[in-house]
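Asks: Handing you this structure, nothing more for now.
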Amino acid sequence: MRWPDRDTRPAVVAPGPLLGVDPDADFPQTEIQLTPGLMLVFFTDGLVERPGVDLDDSFNRLAHHLAQADERDLDLLIDDLLSKAGTAGQRTDDVAVLVLHDGS
């Protein structure tokens, strides 16, 4: 989550089962108060996981780049996250990224 003041940190949510493993699984729900200027970035583990790199370091790198990113063009923002915060050239997993932003 990136707040309007660019403070960027993970949302605290209850973990759930892996998608697609159990068709009858119950998934926890989390409510997040949406405010003008808030940006939500959803991504799969392929964006941040890299063999030999601490996952916390990868999340911190992603948060740093997201805090600095220009939100005027979300396609460019995603490209930037894929190239700088991710593991471009070293990916061993697929990546999906979804960015929601209220530019108010």
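Asks: Which of Glu71, Glu31 comes first, and how do the rest follow, when ranked by fewest Cβ neighbours within 10 Å? Before the final figure, lay out each step's value.
Replies: Numbers: Glu71 16, Glu31 6.
The most exposed by this proxy come first: Glu31, Glu71.
Asks: Using θ = phi - 60° and the Karplus form 6.51 cos²θ - 1.76 cosθ + 1.60, what ³J(HN,Hα) does each residue of the stretch 41-56 get, whole Hz, x for Gly and Pro?
Replies: 10, 9, 7, 8, 4, x, 6, 10, 7, 8, x, x, 10, 4, 4, 4
Asks: Hey, fewest Cβ within 10 Å first, where do Val95, Val53, Val21, Val41 land in order?
Replies: On the way: Val95 18, Val53 13, Val21 7, Val41 24.
Going from least to most buried by this count: Val21, Val53, Val95, Val41.
Asks: Still on this structure, please answer the following. For the stretch 1-89, max minus min Cα coordinate along each principal axis, in Å, sorted largest first?
Replies: The Cα atoms of the stretch 1-89 stretch 40, 36, 22 Å along the principal axes, largest first.
Asks: Okay, moving on. Tally Lys/Arg at +1 and Asp/Glu at -1 over every other residue whose Cβ is under 15 Å from the Cβ of Asp70; what's the total?
Replies: -1
Asks: Only four residue types carry charge here, +1 at the Cβ of Lys and Arg and -1 at the Cβ of Asp and Glu. Report the dipole size of the stretch 39-101 about the Cα centre in Debye, rounded to the nearest 20.
Replies: Numbers: 5 positive and 13 negative charges, 18 e Å.
So the magnitude is around 80 debye.
Asks: Follow-up question, since we're still on this one. Listing Arg72, Arg6 from the residue with the fewest other Cβ atoms within 10 Å to the one with the most, what is the order?
Replies: Working: Arg72 9, Arg6 13.
Placing the least packed residue first, the sequence is Arg72, Arg6.
Here, each number is a calculation from the coordinates, and none is a lab measurement. This structure is a prediction, so every number in the text was calculated from the model and none was measured. Every residue, glycine as well, gets a Cβ built from its backbone with ideal geometry; the counts of neighbours run over all protein chains shown.
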